[in-house]
Amino acid sequence: MTPDRRLLYTAAFLRALATGMMGVLLGIYLARMTFTPAQIGVVIGIGLAGATLAALLVTFAGDRLGRRRLLFWLGLLSALGGAVAALVSSPLAVGCAAFIGMLNGMGRDRGAALVLEQAIMPATARPEERTRVFAWYNVLQDVGHGVGALLAALPAVLRAAGIGDTASFQVAVMLYALLLFATAVLYLRLSPQVDGPREQPRLVVSPHSRKVLTRVSLLFGLDSVAGGFLGAALLSYFFYQRFGVSESAIALLFLGARSMNAVSHLGAAWLARRIGLVNTMVFTHIPSSLLLMTVAFAPNFWAAAVLFLLREGLVEMDVPTRQSYVMAVVRPEERTFASGITHLVRLGGWAVAPSLAGLLMQYLSLGTPLVIGAGMKIAYDVLLYRSFRGVKPPEEQTLSPSSDSRPSA
């Protein structure tokens, strides 16, 4: 393993710790501060709007400004935003901190730093190793997400030790900020080789790549709006309000969920070698959405928890395969742009949906966003398969010389 890949893996793990913890705690923390479901959704959306703006910057200027430099500043601003969010209480102040710090309430790391890391990663491996490298990258992230979810029990532990309710949550949010500051320090140690070609005056995307990116971005946008209904902060709030369970129980549930995610990523790499990247994405994602719909109607917490964990064993199998696929079907010099564009539309969808999900929870029912989000994800999978079943990455073209390399109608 190259030193740069080791540093990126470590930074991704630490960022996942922070993201996993905040995903579980954010909705509960804001509810404890008497935020309404609508206000909680707005804060989550504002944080994702900040992340979208950062992704926009790295997409169009990441290589020119320097990947290492941007990674450092992203880590520093995230830490600053988290620290401020721990010290203020008004919706306006929390919203400002969320925007500046790109506060992630989704429970999964999909921010601007990920765009740059994904653009760097393929150069650290041979083409036949690329999916495995992305799989391990995601395994480390989901282990981090799981351990971070377990850290969400910290406020309960602190309260048992005699610390006040608000202070216990503030300590946890400050830990979130410290973890992100540590990633900024790690990025300073990356070698100059991770930076993209700064001499390039203007990125010229080939017609083939432009066609693929346009279509896949539209589909990812649909999937991300659906995912915005289903972020960890809102799901935690759903379990907290619907079944009256503590944040400790929810922390254990999300530890189990992220553990299932981590195992599934290795399974995704194994499956993709046998049935292809697109097939793996689609044929694992649809069953996960059907399982999610059943969670909304579960009669008790334990039934809901089992269904949710089964869903988590499938839902993330499309992540390393999707990342590997996008990086494979564009040219090497287009990877930062491709990674940025596809993440940008995902972040944009994520930013739009939580506010609407919060309103639906407040005025219709707690389970409504789960049903709507799952239905939209099924539609995305059907359209993805129809559009890209014939667009093969290089390693699959070798296995299937007759396969078409263009998007199907």
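The values are calculated or read from the model by the stated rules, or taken from the named source; none is laboratory data. All of these numbers come straight from a predicted model, not from anything done at the bench. So basically every Cβ, Gly included, is an ideal-geometry build from the backbone, and we count neighbours across all protein chains shown.
Quick notes on this one:
- Condition check for ALA303: surrounded by fewer than 18 Cβ atoms within 10 Å (Cβ to Cβ) and part of a helix (DSSP H, G or I): yes
- Residues that are within 19 Å of the chain's Cα centre (by Cα) and more than 20 Å from MET174 (Cβ to Cβ) within region 73-110 comprise MET106, ARG108, ARG110, listed in sequence order.
- Filter result for THR166 (within 25 Å of MET317 (Cβ to Cβ), hydroxyl-bearing (Ser, Thr, Tyr) and part of a helix (DSSP H, G or I)): no
- Enumerated helices (runs of 4 or more DSSP H) restricted to region 174-280, each holding at least 3 residues that are charged (D, E, K, R): 207-228, 247-275
- Region 233-252 residues that are without any contact (Cβ under 8 Å) to a residue 60 or more places away in the chain and more than 22 Å from GLY47 (Cα to Cα), paired with ones that are assigned to a helix (DSSP H, G or I) and not polar (S, T, N, Q) (beta carbon under 7 Å, 6 or more apart): VAL245/PHE239; VAL245/PHE301
- In region 237-258, the residues that are within 22 Å of ALA12 (Cβ to Cβ) and surrounded by 20 or more Cβ atoms within 10 Å (Cβ to Cβ): ALA251, PHE254, LEU255, ALA257, ARG258
- GLY256 in contact with a helix residue (DSSP H, G or I) (Cβ under 7 Å, 6 or more places away or on another chain) and on the phi < 0 side of the Ramachandran plot: yes
- Evaluation of THR131 against (1) over 23 Å from VAL329 (Cα atoms); (2) buried (at least 24 other Cβ atoms within 10 Å of the Cβ) (one fails), failing number: (1)
- Region 153-194 - residue that is charged (D, E, K, R) and either more than 26 Å from the chain's Cα centre (by Cα) or over 24 Å from ASP4 (Cβ atoms) (or both) and, of those, surrounded by the fewest Cβ atoms within 10 Å (Cβ to Cβ): ASP165
- Here GLY221 does not qualify as in contact (Cβ under 8 Å) with a residue 12 or more places away in the chain and within 24 Å of LEU253 (Cα to Cα).
- Of all residues in region 324-372, those satisfying the criterion of being among the polar types (S, T, N, Q), modelled with pLDDT of 80 or more and crowded, with 24+ Cβ neighbours inside 10 Å are SER324, THR342.
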